[in-house]
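J.: Here it is, the structure in full.
The values are calculated or read from the model by the stated rules, or taken from the named source; none is laboratory data. All values reported here derive from a predicted model rather than from experimental measurement. Methodologically, a virtual Cβ is constructed for each residue, glycine included, from the backbone with ideal geometry; neighbour enumeration extends over all protein chains shown.
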Number of protein chains: 4
Amino acid sequence: MILVLKQNPEKSKVETLIKMLNEQGLATNVSEGESHTIIGLIGDTSRLPVDLISAVDIVENVTRISEPFKAANRKMHPEDSIIDCSGVKVGEGLFQVIAGPCSVESEEQIIEVAKDVKASGATLLRGGAFKPRTSPYAFQGLHADGLKLLLEAKKETGLPIVTEIMNVNHLDLFADVDVIQVGARNMQNFDLLKELGKCRKPILLKRGLANTMEEFLMSAEYIMAGGNNNVILCERGIRTFETKTRNTLDLSAVPMLKKLSHLPVVIDPSHATGISWMVEPLAKAAVAVGADGLMIEVHNNPAKALCDGAQSLNPVQFDTLMKDIKRRVEFEGKKM
Amino acid sequence: MILVLKQNPEKSKVETLIKMLNEQGLATNVSEGESHTIIGLIGDTSRLPVDLISAVDIVENVTRISEPFKAANRKMHPEDSIIDCSGVKVGEGLFQVIAGPCSVESEEQIIEVAKDVKASGATLLRGGAFKPRTSPYAFQGLHADGLKLLLEAKKETGLPIVTEIMNVNHLDLFADVDVIQVGARNMQNFDLLKELGKCRKPILLKRGLANTMEEFLMSAEYIMAGGNNNVILCERGIRTFETKTRNTLDLSAVPMLKKLSHLPVVIDPSHATGISWMVEPLAKAAVAVGADGLMIEVHNNPAKALCDGAQSLNPVQFDTLMKDIKRRVEFEGKKM
Amino acid sequence: MILVLKQNPEKSKVETLIKMLNEQGLATNVSEGESHTIIGLIGDTSRLPVDLISAVDIVENVTRISEPFKAANRKMHPEDSIIDCSGVKVGEGLFQVIAGPCSVESEEQIIEVAKDVKASGATLLRGGAFKPRTSPYAFQGLHADGLKLLLEAKKETGLPIVTEIMNVNHLDLFADVDVIQVGARNMQNFDLLKELGKCRKPILLKRGLANTMEEFLMSAEYIMAGGNNNVILCERGIRTFETKTRNTLDLSAVPMLKKLSHLPVVIDPSHATGISWMVEPLAKAAVAVGADGLMIEVHNNPAKALCDGAQSLNPVQFDTLMKDIKRRVEFEGKKM
Amino acid sequence: MILVLKQNPEKSKVETLIKMLNEQGLATNVSEGESHTIIGLIGDTSRLPVDLISAVDIVENVTRISEPFKAANRKMHPEDSIIDCSGVKVGEGLFQVIAGPCSVESEEQIIEVAKDVKASGATLLRGGAFKPRTSPYAFQGLHADGLKLLLEAKKETGLPIVTEIMNVNHLDLFADVDVIQVGARNMQNFDLLKELGKCRKPILLKRGLANTMEEFLMSAEYIMAGGNNNVILCERGIRTFETKTRNTLDLSAVPMLKKLSHLPVVIDPSHATGISWMVEPLAKAAVAVGADGLMIEVHNNPAKALCDGAQSLNPVQFDTLMKDIKRRVEFEGKKM
């Protein structure tokens, strides 16, 4: 970290500042230029409150040189991490597709969808049992019963399951879940992240709607700081002024996150756009931009046959998409 | 809710759609215009999944006519709500100032600040015991010890205390807290909101960094749907592209939220701007725009005397501000 | 357009409203439902001031059913438009790469880059002669001299040239330019758009930093309303809260714009990210998502050999990228 | 400006970099720390392309210490600027209200509104003759005829007029206009700004929808660099994700712009919110936050009596507002 001081600072204040920094265990390297005095800090600055230092009245400017994340940082771990999800490996040259319905609705539904998506080549089954809904009056999921049905579907198909947790107190219920998802709205629910850091299950961490990539990696860091390195990042659209799509899928996050971190990155085009016909072009783009996988909503409910538009694909559409995605994954020299 | 159908829809599909809507307990009023067929829905549409209906392939457009929030809606409760915070009333013609340090650091610190802010006219004491921090390596607060110190300060000064909860499991620890704060990052931690809906304590709910006013009111609705009507809304800046201020304080939210809802609205200029000298002008604007109170960070730590800039005011600055705010509150015909 | 009236509107006000609408040449179709009265408008509503109608005090809600753009609308022109840029065709199954330096600096520079990018497969040459710069003190381009140098480079290589106009008074200078670019900052410089509508040259219209896709198409409509249908849309990143990239490239705009409009869409990954190493992954994604071309900055200035990072590729990097892009364009079944 | 170099840079590259910087007329002050080499630049760095320097491969980080604007910078001009608008002074302890209709529609209309707003205390008359409209099919203003009508209204009432320019070629038409407005969409129409820098008329410069305060001041700098120091800044809302208001009024811009610059700042609550009932609370807040004036839309068209809601106030509402604003301006110790 580099501190640039304001012009002609009081000597006593500079000394007090340096003393304060030394007390934080940091060595300082002061260089007095013609116009500005610069203090370079040597040591672990990750605990240092940047806000506070910036606020010291003789400080003009604070420049952080190293990223604030460590365990998630590629500099600390140059090779790609591969996350083992009950045998399904996510990362590096492997490409995985997580598919399934938005919500688990019934045994028949989840098992049928599970069979369908497996037949089309999905390797992980998603399905919501606890649903974060903007309205308290909307359907909130089948809860523990939903988890049981997911496990039924896993037994039938062998697909490891991915499902969202909303409450630290539910961790016991997730004992047999293969991958625990943290939703966008809970990306900075730090107590939940810390608790997940104590387990060793893979965590699929979704980027918050208005969170920067750095904050996203800091949330991964929360989990990893607890000792759980099994984190999969998931970009699912950020909130912008555009209204034609539900959110704006930030595909530039894939190469940037993979540059900054060794963790795998998957893309959820279903939630990002909220429009089923947009899933296909953005899934293709996700493969090309270097993502490690996709998360796609697939429904299979004859009662909803009317719905052709929403964000879910039906199994036939999903099957067509998967045939195309396989060709593309091979084109990239990856395995699926 | 009004559905506009696409031109020349298949008759059978229209019938299926109407049947589906009727099954949801809604009466339908169909009118066939020259160019478009329109279906008006009569009944409680708050449970209806708008996304799903929009996605029905014969539907061109869905227009919601009534707001999705009920308990928080001013239409249901035309008078302003007044929230009683252990005797300190927030709302309507009353104006309250919540002040105190970012974090509780020591008994000496919190008691001294509490005395100072009380002397200047603050009526509620804030102080963080559980701190949501972007980095897992940053100071996370004194936790239960911090709560104890806050209660000490309350005993000394009589000021009711406001402090943030981050975990549903900590509710017991908050038994003697007067007002429980839900931070911006937890605004859509729905499980936490539901749990707070079961208690009867006042909840200070902060707007999420990237949440619309409607989502904000829906989060209030989560608490109120559980039976706890004691919600105070707090605007604390939203995330925009601007970088000169930490966030962009949305003062237009005050009149809009008060139009849509009967709940009181307070403003937190300290967090919104992240800059202490901006607290004063924005606090003045908050009074003028019709806010019901302010939440202001005040530190009192001689060891940090170097820091004149950050987002906290020192007690002298706070005292000066309060003298001015009192004049302004009186000018508005309110009491403080 | 559908107007939903508030409950129990005054009869006289409804009549006045209908009269006003009829005076605008619109037929009205009134249907009185149990709870709401709905007025459907038949005729050309594109001139109707939606803001004003929304503000009529008996109007609850105005829903526009048809898009406000006509000439640019795919409904009016179902097949893809192909824009002929002095023999280079942009659109449909063809994929073009526009490449060249940010600014034209010297004859040697522009001719050398032109030869290099042509050799690598670029089919259009870009280069700025008039440069929109945030600071009045920054280099503003070579102006007319820059245009002359571009024409030299065209003579040498045969590549049609694309360059930005900033002032309606410069149109004469652009007489021999093949494609006139309108920059992001001028996307809503309506007087400039109108003037460009009078010529028949292809216009490369860049999306504004904070403009919605609808506004983008309305700006295309300004040009087309004047009779010039030769518009190429260019997505170059939108402004969001993210800071790791200069802007956020909105690749979902490609399928959405192509759904709404028949105009070709090209992607500028250089300006979107501001980082040269991100050009490659996003260029790949642009091909996969269905873009009709790319616009890429290439510099060739030995004096700047130090710069390996900025948004420009050097000729060797560009050549490597082009080899890969060609394979991808073929994979998509398009021609380059 | 401070450059921090990457660890262990090649000596030859450092030398080349320093040579390049010196060639730009900058002195350099190199200090080699334990971990990083730092280069301080001394001299005028406003012409230096920061992007390019950042991209030099041995450069880790570039920190600008001084703001890139000069003429607009308060450091260069510590006292508030007062802009004389044909006798009406804007800035410092004076508070002016600019009022009038969105568009000039007829002689009767503009003269009637002018008389009304003058009677209520407005000191400048606004009215659009050239209207920037998203749609080419919408009413674009009366153009030269509109300007003539404004001048009629000025003759009748003595109120100096403020009206928007959209085209450099119209400058002659604006010869008798008192204050020339640059709209939000043209804030970075640099050729227009340069042309306005050549005249000496006051320019009311509106902040672009998605422009930072720094970019806003740089656009003021464009005008001032030409020698015209008569710039009034106008904040009129920025584009965010919120949809309840048309834009989000950024009142924190007032103290920040006034800290950074000596130019006066006025607030346009009508355009910011797009909702007439919100004009009042936000106008009050604007006075309190320290703005130097307001710009308010007032219509006076009996034919539109139906419209009570849109962003314009009617003369009675405006008169009521002005009575209140006067009290507030006095409360602030300013004159109106």
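J.: Can you go through C:Pro269, C:Pro281 and tell me which one is more than 12 Å from chain D (Cβ to nearest Cβ), more than 26 Å from D:Ile238 (Cβ to Cβ) and in contact with a strand residue (DSSP E or B) (Cβ under 8 Å, 6 or more places away or on another chain)?
T.: C:Pro269
J.: Return the residues of segment C:28-79 that are at pLDDT below 80, in contact with a Ser or Thr (Cβ under 6 Å, 6 or more places away or on another chain) and within 30 Å of C:Ile232 (Cβ to Cβ); say none if nothing qualifies.
T.: Correct list: empty.
J.: Having 2 or more residues that are aliphatic (A, V, I, L, M) and buried (at least 16 other Cβ atoms within 10 Å of the Cβ) is the bar; report the strands (runs of 3 or more DSSP E) wholly within segment D:50-110 that clear it.
T.: Correct list: D:59-63, D:88-90, D:96-100.
J.: Okay, moving on. Mind telling me which of the residues A:Ala114, A:Ala119 ends up being crowded, with 19+ Cβ neighbours inside 10 Å and assigned to a helix (DSSP H, G or I)?
T.: Only one candidate qualifies: A:Ala114.
J.: I've got another one for you. Does A:Leu52 satisfy being out of contact with any Lys or Arg (no Cβ under 8 Å at 6 or more places or on another chain) and under 30 Å from A:Phe216 (Cα atoms)?
T.: So A:Leu52 fails the test.
J.: Further question: Which residue pairs have Cβ atoms under 6 Å apart, sit 6 or more places apart or on different chains, and have a first residue in segment A:45-64 that is facing another protein chain (nearest Cβ under 7 Å) and a second that is charged (D, E, K, R) and part of a loop (DSSP other than H, G, I, E, B)?
T.: A:Asp57/B:Asp308; A:Glu60/A:Lys6
J.: If we keep just the residues of segment C:1-13 that are within 12 Å of C:Asp57 (Cα to Cα) and facing another protein chain (nearest Cβ under 10 Å), which is surrounded by the most Cβ atoms within 10 Å (Cβ to Cβ)?
T.: C:Val4
For (1) aliphatic (A, V, I, L, M); (2) in contact with a helix residue (DSSP H, G or I) (Cβ under 9 Å, 6 or more places away or on another chain), each residue gets a yes or a no:
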{"residue": "C:Phe130", "(1), (2)": "no, yes"}
{"residue": "C:Gly146", "(1), (2)": "no, yes"}
{"residue": "C:Leu150", "(1), (2)": "yes, yes"}
{"residue": "C:Glu156", "(1), (2)": "no, yes"}
{"residue": "C:Met166", "(1), (2)": "yes, yes"}
{"residue": "C:Asn189", "(1), (2)": "no, yes"}
{"residue": "C:Tyr222", "(1), (2)": "no, yes"}
{"residue": "C:Asn228", "(1), (2)": "no, yes"}
{"residue": "C:Arg239", "(1), (2)": "no, no"}
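J.: A follow-up question, please. Just checking, how many residues over segment C:215-238 are of a type in the set (D, E, K, R) and more than 8 Å from every other protein chain (Cβ to nearest Cβ)?
T.: Here the count works out to 2.
J.: Follow-up question, since we're still on this one. Among B:Val231, B:Val266, B:Val254, which is the only one that is among the aliphatic types (A, V, I, L, M), closer than 16 Å to B:Leu205 by Cβ, touching a Cys at 6+ places or on another chain (Cβ under 7 Å) and assigned by TED's automatic domain parsing to the domain that holds B:Thr123?
T.: Result: B:Val266 is the single residue among B:Val231, B:Val266, B:Val254 that is among the aliphatic types (A, V, I, L, M), closer than 16 Å to B:Leu205 by Cβ, touching a Cys at 6+ places or on another chain (Cβ under 7 Å) and assigned by TED's automatic domain parsing to the domain that holds B:Thr123.
J.: Right, another one. Is it the case that A:Ala253 is under 26 Å from C:Ser276 (Cα atoms), small (Gly, Ala, Ser), surrounded by 21 or more Cβ atoms within 10 Å (Cβ to Cβ) and within 14 Å of chain B (Cβ to nearest Cβ)?
T.: For A:Ala253, the condition - under 26 Å from C:Ser276 (Cα atoms), small (Gly, Ala, Ser), surrounded by 21 or more Cβ atoms within 10 Å (Cβ to Cβ) and within 14 Å of chain B (Cβ to nearest Cβ) - is not met.
J.: For segment A:4-26, name all the residues that are assigned to a strand (DSSP E or B) and modelled with pLDDT of 85 or more.
T.: Selection gives A:Leu5 alone.
Results for (1) under 19 Å from the mean Cα position of the chain (by Cα); (2) not aliphatic (A, V, I, L, M), shown as yes or no for each residue.
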site	(1), (2)
D:Thr134	no, yes
D:Leu142	no, no
D:Leu149	no, no
D:Lys155	no, yes
D:Gly158	no, yes
D:Ile161	yes, no
D:Val168	yes, no
D:Asp172	no, yes
D:Ala175	no, no
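J.: Looking for something polar (S, T, N, Q) and over 30 Å from C:Ala144 (Cβ atoms) - is there at least one such residue anywhere in segment C:87-103? Spell out how you get there, then give the answer.
T.: Filtering segment C:87-103 for residues polar (S, T, N, Q) gives C:96, C:103.
From what's left, over 30 Å from C:Ala144 (Cβ atoms): none.
No, there is no match, as no residue in segment C:87-103 is polar (S, T, N, Q) and over 30 Å from C:Ala144 (Cβ atoms).
J.: Restricting the search to segment D:122-153, which residues are closer than 20 Å to C:Ser46 by Cβ and of a type in the set (Lys, Arg)?
T.: Within segment D:122-153, D:Lys131, D:Arg133 qualify.
J.: Follow-up. Of the residues that make up segment D:174-182, is at least one within 14 Å of another protein chain (Cβ to nearest Cβ), surrounded by 22 or more Cβ atoms within 10 Å (Cβ to Cβ) and not basic (Lys, Arg)?
T.: Checked segment D:174-182: at least one residue is within 14 Å of another protein chain (Cβ to nearest Cβ), surrounded by 22 or more Cβ atoms within 10 Å (Cβ to Cβ) and not basic (Lys, Arg).
J.: In this structure, is A:Phe241 touching a Lys or Arg at 6+ places or on another chain (Cβ under 6 Å), within 13 Å of chain B (Cβ to nearest Cβ), under 23 Å from C:Lys284 (Cβ atoms) and modelled with pLDDT of 95 or more?
T.: Against the criterion (touching a Lys or Arg at 6+ places or on another chain (Cβ under 6 Å), within 13 Å of chain B (Cβ to nearest Cβ), under 23 Å from C:Lys284 (Cβ atoms) and modelled with pLDDT of 95 or more), A:Phe241 does not qualify.
J.: Just checking, how many residues over segment B:186-207 are surrounded by fewer than 24 Cβ atoms within 10 Å (Cβ to Cβ) and basic (Lys, Arg)?
T.: Here the count works out to 4.
J.: Do we have B:Asp292 as at pLDDT 95 or above, among the acidic types (Asp, Glu) and surrounded by 24 or more Cβ atoms within 10 Å (Cβ to Cβ) here? Step through it out loud before you land on a result.
T.: Details: at pLDDT 95 or above: yes; among the acidic types (Asp, Glu): yes; surrounded by 24 or more Cβ atoms within 10 Å (Cβ to Cβ): yes.
It is true that B:Asp292 is at pLDDT 95 or above, among the acidic types (Asp, Glu) and surrounded by 24 or more Cβ atoms within 10 Å (Cβ to Cβ).
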